[in-house]
Amino acid sequence: MASSIRVASTSFTLLASTSSPASCYCRSRCLTFTKFRFGPIWDISFAVTSRRARRMAHSIARATLGLTQPNTIDQPKILFAAKEIDLAEWKGDILAVGVTEKDLTKDDNSKFQNSILQKLDAKLSGLLSEASSEEDFTGKAGQSTFLRVPGLGSKRIGLIGLGASASGPSTFRTLGEAVAAAAKSAQASKIAITLASSEEIPEEFKPTAASAIASGAIIGTFDDNRFKSESKKPTLESVDIVGLGSGSELEKKLKYAENLCSGVIFGRELVNAPANVLTPGVLAEEAKRIASEYSDVFTAKILDLEHCKELKMGSYLAVAAASANPPHFIHLCYKPSGEVKTKLALVGKGLTFDSGGYNIKTGPGCMIELMKFDMGGSAAVLGAAKALGRIKPAGVEVHFIVAACENMISGTGMRPGDIVTASNGKTIEVNNTDAEGRLTLADALVYACKQGVSKIVDLATLTGACIVALGPSVAGVFSPSDDLAKEVFAASEVSGEKFWRLPMEESYWESMKSGVADMVNTGGRQGGSITAALFLKQFVDEKVQWLHIDMAGPVWSDKKRSATGFGVATMVEWVLKNSS
């Protein structure tokens, strides 16, 4: 990630599975090399009228150095059921009620006016209204209060604040995550989630709301404990979603939540994996595993160093030149049965570690210890691929492209002042080896355009400047195509992920001109994320609609010290909007 502006924040996550030791001792170098094995670790089942077990296979990587091997994590089976029942009679560990500020309105006798809260409070002899007053609980987003109570079938009852109104998938996803966090704390195995004013939600939106709650609960339950010597085993086994209906449409939405979350969790796992475990070669193996698991719709092509030389990918190979781990250029292709009406490409930046090269990252805020997250774009791309392999949309062909490598330092490495030639023939003077991601993306974008696609979206943890501009929660969007930008933002409305469109100010290209080559690779501190986008534009065919996402901020959560899986949900939604 280019860091001409140094800031703190950003990185990623992975899941667990099974392992069996296999190593090769090399006398000359005293390093232990091990293989990766993969197996199922997370069992989730969604049901409306019947229970069905769903297995999701996740990968586990064995260390290439440092003797680190991920632990086997056994996750519980989780059953999601949509029910219409009397809440006061529900039996389980936690009954959680999502409430808006309006729902908490009380009459002159300090009693709830909302009918559901009124009924529950009556069962508890006013304890719920009393507690909400004493704790100054007003229903604002982020607020919650849980009580251990007698008088109900539930051991605990909780109120989760939804803010001024309950609208949008992100609100309900947050509700699911909050309840899952409470379930962890209480070691609960059975919970129920409802809304105090579910009757105000339009009938056609209720399946989407239930799906978002389920997604939040799945993500909220997930912990990446593979690299911890000891960890608590999750206890959650079932979640009842009450008051949002039932039927085939709801069941379909719950199934979609399962499929989508498999990709988000996979993306988190990839980012969380350390660079001594997740090398460019291992990332390529992960891609091949997706193609193998969903071989009815996927094919995989992995280009090695020699193949990339044949394609004249000088820009990408210059970045990879210093590493002992060879580059792997990944090309997955999703092609469903039947007629294909649209061809798309998702391109992800795949720096499994970024030292900065000779412009090494130094000083406070350089984030060098988090540079395993610099393959966050590729994690989003491969996470979306995994989810789409399960969903299987019709009528759309999708190419998933990652130029995977490391940016290291050695006598064979790229130097400041070097001139490299990309596969479209354009020459680049390297004035900063820490602006390496755009060099790898240059050849990846040229390759993507040659696949006959009409639209390309690239995702990259590209610039610290974008974090300065938009903070840690919002990704920057750049595109010369208003139509494509509208498509991606429409997808983000469903996913709940946050994006903001920034200008591609052509006058800034002046700072990217070189006296001895076609361009330099960085224009300095001012407008750094914009000049990076202008650089990428030089490698996209004018006939192809293209959009660039700089996700350096939201790829990592400083609060949770873990990857977020950002980008997966929006990319899946975007592909679905382009399917027939």
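The values are calculated or read from the model by the stated rules, or taken from the named source; none is laboratory data. Remember, predicted model here, so these are calculated numbers, not experimental data. Cβ placement follows ideal geometry from the backbone for every residue including glycine, while neighbour counts extend to all protein chains displayed. Areas reflect the complete protein model, heavy atoms only, side chains present, ligands, DNA and RNA absent. Shrake-Rupley method; radii C 1.70, N 1.55, O 1.52, S 1.80 Å.
Which of the residues belonging to segment 522-580 are among the charged types (D, E, K, R), surrounded by fewer than 24 Cβ atoms within 10 Å (Cβ to Cβ) and in contact with a Phe, Trp or Tyr (Cβ under 9 Å, 6 or more places away or on another chain)?
Lys537
Identify all residues within segment 171-196 that are in a helix (DSSP H, G or I), open to solvent by 40 Å² or more (accessible area, probe 1.4 Å) and either in contact with an Asp or Glu (Cβ under 7 Å, 6 or more places away or on another chain) or not β-branched (Val, Ile, Thr) (or both); write none if there are none. Before you say what the answer is, go through the steps one by one.
Residues of segment 171-196 in a helix (DSSP H, G or I): 171-186.
Checking the rest, the ones that are also open to solvent by 40 Å² or more (accessible area, probe 1.4 Å) come to 173-174, 177, 181, 184-185.
Scanning segment 171-196 gives Arg173, Glu177, Ala181, Lys184, Ser185.
Out of the residues in segment 482-500 that are among the charged types (D, E, K, R) and in a loop (DSSP other than H, G, I, E, B), which is surrounded by the fewest Cβ atoms within 10 Å (Cβ to Cβ)? Break it down stepwise before answering.
Step one: filter segment 482-500 for residues among the charged types (D, E, K, R), giving 482-483, 486-487, 493, 497-498.
Add one more test, that the residue is in a loop (DSSP other than H, G, I, E, B), and what stays is 497-498.
Details: Glu497: 24, Lys498: 16.
Filtering first and then ranking leaves Lys498.
Go through (1) open to solvent by 10 Å² or more (accessible area, probe 1.4 Å); (2) closer than 30 Å to Pro416 by Cβ one by one and return the number of the condition Gly476 breaks.
(1)
Scan segment 447-469 for residues that are open to solvent by 40 Å² or more (accessible area, probe 1.4 Å) and among the hydrophobic types (A, V, I, L, M, F, W, C) and jot them down.
Here is the first cut: in segment 447-469, the residues open to solvent by 40 Å² or more (accessible area, probe 1.4 Å) are 450-452, 454, 468-469.
The answer is Val468, Ala469.
Test of understanding: among Lys577, Lys560, Lys537, which residue is free of Cβ contacts under 8 Å to residues at least 24 places away in the same chain and basic (Lys, Arg)? Talk me through it step by step, then tell me what you get.
Numbers: Lys577 fails: free of Cβ contacts under 8 Å to residues at least 24 places away in the same chain; Lys537 fails: free of Cβ contacts under 8 Å to residues at least 24 places away in the same chain.
Only one candidate qualifies: Lys560.
Here are Ile201, Ile219: which of them is open to solvent by 10 Å² or more (accessible area, probe 1.4 Å) and within 18 Å of Lys83 (Cα to Cα)?
Values: Ile219 fails: within 18 Å of Lys83 (Cα to Cα).
None of the others qualify; the one that does is Ile201.
Those residues that are within 29 Å of the chain's Cα centre (by Cα), of a type in the set (Ser, Thr, Tyr) and either within 21 Å of Cys449 (Cα to Cα) or part of a loop (DSSP other than H, G, I, E, B) (or both), I need them from segment 501-530; list them, please.
Within segment 501-530, Thr522 is the sole residue that qualifies.
Looking at segment 284-342 only, could you name the residues that are among the polar types (S, T, N, Q) and at pLDDT below 95?
Result: Ser337, single match.
Among the residues of segment 286-300, are any open to solvent by less than 30 Å² (accessible area, probe 1.4 Å), closer than 22 Å to Gly413 by Cβ, assigned to a loop (DSSP other than H, G, I, E, B) and not charged (D, E, K, R)? Break it down stepwise before answering.
So in segment 286-300, the residues open to solvent by less than 30 Å² (accessible area, probe 1.4 Å) come out as 286-287, 290-291, 294, 297-298.
After this cut, where a residue has to be closer than 22 Å to Gly413 by Cβ as well, the list is none.
No: segment 286-300 contains no residue that is open to solvent by less than 30 Å² (accessible area, probe 1.4 Å), closer than 22 Å to Gly413 by Cβ, assigned to a loop (DSSP other than H, G, I, E, B) and not charged (D, E, K, R).
Take the residues of segment 246-263 that are open to solvent by 10 Å² or more (accessible area, probe 1.4 Å) and either closer than 18 Å to Thr352 by Cα or of a type in the set (Asp, Glu) (or both): which is nearest to the chain's Cα centre (by Cα)?
So the residue we want is Glu251.
Kindly evaluate Leu370 against the criterion of being part of a strand (DSSP E or B), in contact (Cβ under 8 Å) with a residue 24 or more places away in the chain, under 30 Å from Ala291 (Cβ atoms) and not basic (Lys, Arg).
Details: part of a strand (DSSP E or B): no; in contact (Cβ under 8 Å) with a residue 24 or more places away in the chain: yes; under 30 Å from Ala291 (Cβ atoms): yes; not basic (Lys, Arg): yes.
For Leu370, the condition - part of a strand (DSSP E or B), in contact (Cβ under 8 Å) with a residue 24 or more places away in the chain, under 30 Å from Ala291 (Cβ atoms) and not basic (Lys, Arg) - is not met.
How many of the residues in segment 162-177 are over 19 Å from Lys102 (Cβ atoms) and aliphatic (A, V, I, L, M)?
0
Restricting to segment 142-170, and then to whatever is crowded, with 16+ Cβ neighbours inside 10 Å and part of a loop (DSSP other than H, G, I, E, B), can you tell me which residue is nearest to the chain's Cα centre (by Cα)?
Gly168
Quickly run through segment 97-127 and pick out the residues that are part of a loop (DSSP other than H, G, I, E, B) and in contact with a helix residue (DSSP H, G or I) (Cβ under 8 Å, 6 or more places away or on another chain). It would help to see each step written out before you state the result.
So the first thing to find is which residues in segment 97-127 are part of a loop (DSSP other than H, G, I, E, B), and the list is 100-101, 105, 107-111, 113-114, 124-126.
Listed by number, the residues that qualify are Ser110, Lys111, Asn114.
Could you check segment 269-286 and list, in sequence order, the residues that are closer than 21 Å to Ala442 by Cα and touching a helix residue (DSSP H, G or I) at 6+ places or on another chain (Cβ under 7 Å)?
Across segment 269-286, the qualifying residue is only Leu283.
Counting residues that are within 18 Å of Pro280 (Cβ to Cβ), which strands (runs of 3 or more DSSP E) fully inside segment 387-469 reach at least 1?
Values: elements: 396-407, 419-421, 427-429, 455-460.
Once the strands (runs of 3 or more DSSP E) in segment 387-469 are filtered for at least 1 residues that are within 18 Å of Pro280 (Cβ to Cβ), what remains is 396-407, 455-460.
Assuming Pro336 fulfils every condition listed in (1) closer than 15 Å to Asn407 by Cβ; (2) over 23 Å from the mean Cα position of the chain (by Cα); (3) in contact (Cβ under 8 Å) with a residue 24 or more places away in the chain apart from one, which condition is it?
(1)
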